[in-house]
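Single-structure report; data block below.
The values are calculated or read from the model by the stated rules, or taken from the named source; none is laboratory data. Just so it is clear, the model here is predicted, and its values are computed rather than measured. Here Cβ is always computed from backbone atoms with ideal geometry, including for glycine, and neighbour counts include all displayed protein chains.
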Amino acid sequence: MPNRLDLPSDFRWGVSTAAYQIEGAVDEDGRGPSIWDTFAARPGAVRDGHSGAVACDHYHRYAEDIALMRGLGLDGYRFSIAWTRIRPTGAGPANPAGLDFYDRLVDALLAAGITPLPTLFHWDLPQALEDGGGWLARDTAYRFAEYTAVVADLLGDRVPAWITLNEPFVHMVYGYAMGIHAPGRALMLDALPAAHHQLLGHGLAAAVLRERGLDVMIANNLTPVRPASSSEADQAAATAYDALHNRLFTDPILLGHYPDLSAFGVGPDLGGSVRDGDLKLIAGPGLDALGVNYYNPTRIAAPTDPGLPFAEAPIEGVPRTAFDWPVVPDGLRELLTGLRDRYGAALPPITITENGCSVADEPAADGTVSDPDRIDYLAGHLDALAAAVAEGVDVRGYFTWSLLDNFEWAQGFSQRFGLVHVDFETQRRTPKASYAWYRDLIAAQRARRAG
Ligand code: FCB
């Protein structure tokens, strides 16, 4: 029996995916290469040499996948649009066949009673733009706004709310500072212009969306930061890490200024990339909703490496996912109440745009997939969410990551996050026990809504 949650009657239930992780069909209908095609082809970059070339073949199987979503009874579906299907080189004329795919996807979702929630950038930058500097180049922000206008003109009559960027923090740190994601650059603190230019891209795209009467969101990866001890050194390290992970991509939008990054030896111009007027543009009139992607808290201690003002410390004594991420459901309540306390009236309503866990799921002899650990994870996090709502935080929706097992970036196909199992040899989809659990939960919440 699913738990009953005390949530607002118009609370919205969804699932999330991203283009490169599920679509496949990378050479079809005029799609141009993205940085993930290039990166995955680099020997050793992705576990087992995997790539998103086929992934879940969603490009051809989207109708079957929407039927699975309809079976869940979802209100919304968060997916991402592949920039290189729309503008194969990141600039120049739009590609009609690429536009047509998202046109059909949106119509099929609406016919199934599901509201589409597109993300404009989920890490698959056109390779041609990377060749010009990627997000280290200011120009990329302007190309992003142009691409936004093309898709908003096509879909804006049917799609009310849009997410500009997915997790700009992770993209900057993994992609530009550490080189473990595309584009594979290891610049450490010299990656910071990729923060400012992504935010500038957000601000420019937000203006394009607003001109068309559309709602604007961003999906930030946020984590409650816990100092490893009450020592001054550990607390200072935690404050520095919090500024980098949580505040860097949220303060400029909600408060109109960058956080204090002096612990990193970085001034308010972020390595010289901020120009007059940029912060005003980035803040604009704020956000219609803040998308929060939450997976786990972070424990931080004083630095051990002289290059950085913090060190990550393990969280002990809690269960761990197949990815070895600690499972701390109450971290979600801590995060949400912390956002409310930090931003006060400047905080817009929140939607959880990702939350979920990877489990080493395999079908049993009878073909069923039992994933009690995922059900526990989701149930625990939804209880924590409801607790935050009871404490007065305005949370309007929850989108679990993910509908399908998919291409998990540098981990290839080794991490399964789906409510639906995918056999990557045959493309057979098998709803897991968590699929039925989520379906029943949504139905029970809806019955409360109706009653
Ligand atoms: C997030 C990403 C998403 C997925 C999950 C597991 O950081 O936004 O694409 O990989 O993690």
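Residues in region 178-199 that are over 13 Å from GLY134 (Cα atoms), assigned to a helix (DSSP H, G or I) and out of contact with any strand residue (DSSP E or B) (no Cβ under 9 Å at 6 or more places or on another chain): MET188, LEU189, ASP190.
Considering ALA386, ALA364, ALA360, the condition of being in a helix (DSSP H, G or I) and among the hydrophobic types (A, V, I, L, M, F, W, C) is satisfied by ALA386 alone.
Within region 226-245, one or more residues are assigned to a loop (DSSP other than H, G, I, E, B), free of Cβ contacts under 8 Å to residues at least 60 places away in the same chain and out of contact with any helix residue (DSSP H, G or I) (no Cβ under 7 Å at 6 or more places or on another chain). When only residues in region 289-309 that are outside any loop (DSSP other than H, G, I, E, B) and more than 12 Å from the ligand (Cβ to nearest atom) count, which is nearest to LEU165 (Cα to Cα)? Once the filter is applied, the top-ranked residue is LEU290. Just so you know, in region 1-35 the residues that are surrounded by 16 or more Cβ atoms within 10 Å (Cβ to Cβ) and among the polar types (S, T, N, Q) include one that is farthest from ASN293 (Cα to Cα), and it is SER34. Residues that are in a loop (DSSP other than H, G, I, E, B), of a type outside the set (Gly, Ala, Ser) and modelled with pLDDT of 95 or more within region 267-284 comprise VAL274, ARG275, ASP276, listed in sequence order. Contact annotation: residue pairs with Cβ atoms under 6 Å, 6 or more positions apart or on different chains, pairing a residue in region 395-423 that is under 14 Å from CYS357 (Cβ atoms) and within 15 Å of the ligand (Cβ to nearest atom) with a partner that is of a type in the set (Ser, Thr, Tyr) and assigned to a loop (DSSP other than H, G, I, E, B), are SER402/THR17; GLN415/SER358; ARG416/SER358; PHE417/SER358; PHE417/SER402; GLY418/SER402. If you filter region 353-379 down to residues that are within 16 Å of the ligand (Cβ to nearest atom) and touching a His at 6+ places or on another chain (Cβ under 8 Å), you find that the one that is farthest from LEU255 (Cα to Cα) is ASP361. Mind checking which residues of region 31-47 are part of a loop (DSSP other than H, G, I, E, B), more than 14 Å from the ligand (Cβ to nearest atom), out of contact with any strand residue (DSSP E or B) (no Cβ under 8 Å at 6 or more places or on another chain) and in contact (Cβ under 8 Å) with a residue 40 or more places away in the chain? Once the filter is applied, which keeps residues that are part of a loop (DSSP other than H, G, I, E, B), more than 14 Å from the ligand (Cβ to nearest atom), out of contact with any strand residue (DSSP E or B) (no Cβ under 8 Å at 6 or more places or on another chain) and in contact (Cβ under 8 Å) with a residue 40 or more places away in the chain, region 31-47 yields ARG31, ARG42, ALA45. Of all the numbered requirements in (1) in contact with a Phe, Trp or Tyr (Cβ under 9 Å, 6 or more places away or on another chain); (2) within 15 Å of the ligand (Cβ to nearest atom), GLU312 misses one, and that requirement is (2). Within region 316-340, residues that are more than 16 Å from the ligand (Cβ to nearest atom) reach partners that are among the charged types (D, E, K, R) and not in a helix (DSSP H, G or I) with beta carbons closer than 7 Å, at six or more positions or on different chains, in the pairs THR337/GLU391. As for region 153-169, it holds no residue that is under 18 Å from ALA243 (Cα atoms) and of a type in the set (Val, Ile, Thr). If you check MET178 against the conditions, is it over 14 Å from the mean Cα position of the chain (by Cα) and within 15 Å of the ligand (Cβ to nearest atom)? For MET178, the condition - over 14 Å from the mean Cα position of the chain (by Cα) and within 15 Å of the ligand (Cβ to nearest atom) - is met. Within the bounds of region 17-30, is there any residue that is over 27 Å from GLY90 (Cβ atoms), outside any helix (DSSP H, G or I) and more than 16 Å from the ligand (Cβ to nearest atom)? No: region 17-30 contains no residue that is over 27 Å from GLY90 (Cβ atoms), outside any helix (DSSP H, G or I) and more than 16 Å from the ligand (Cβ to nearest atom).
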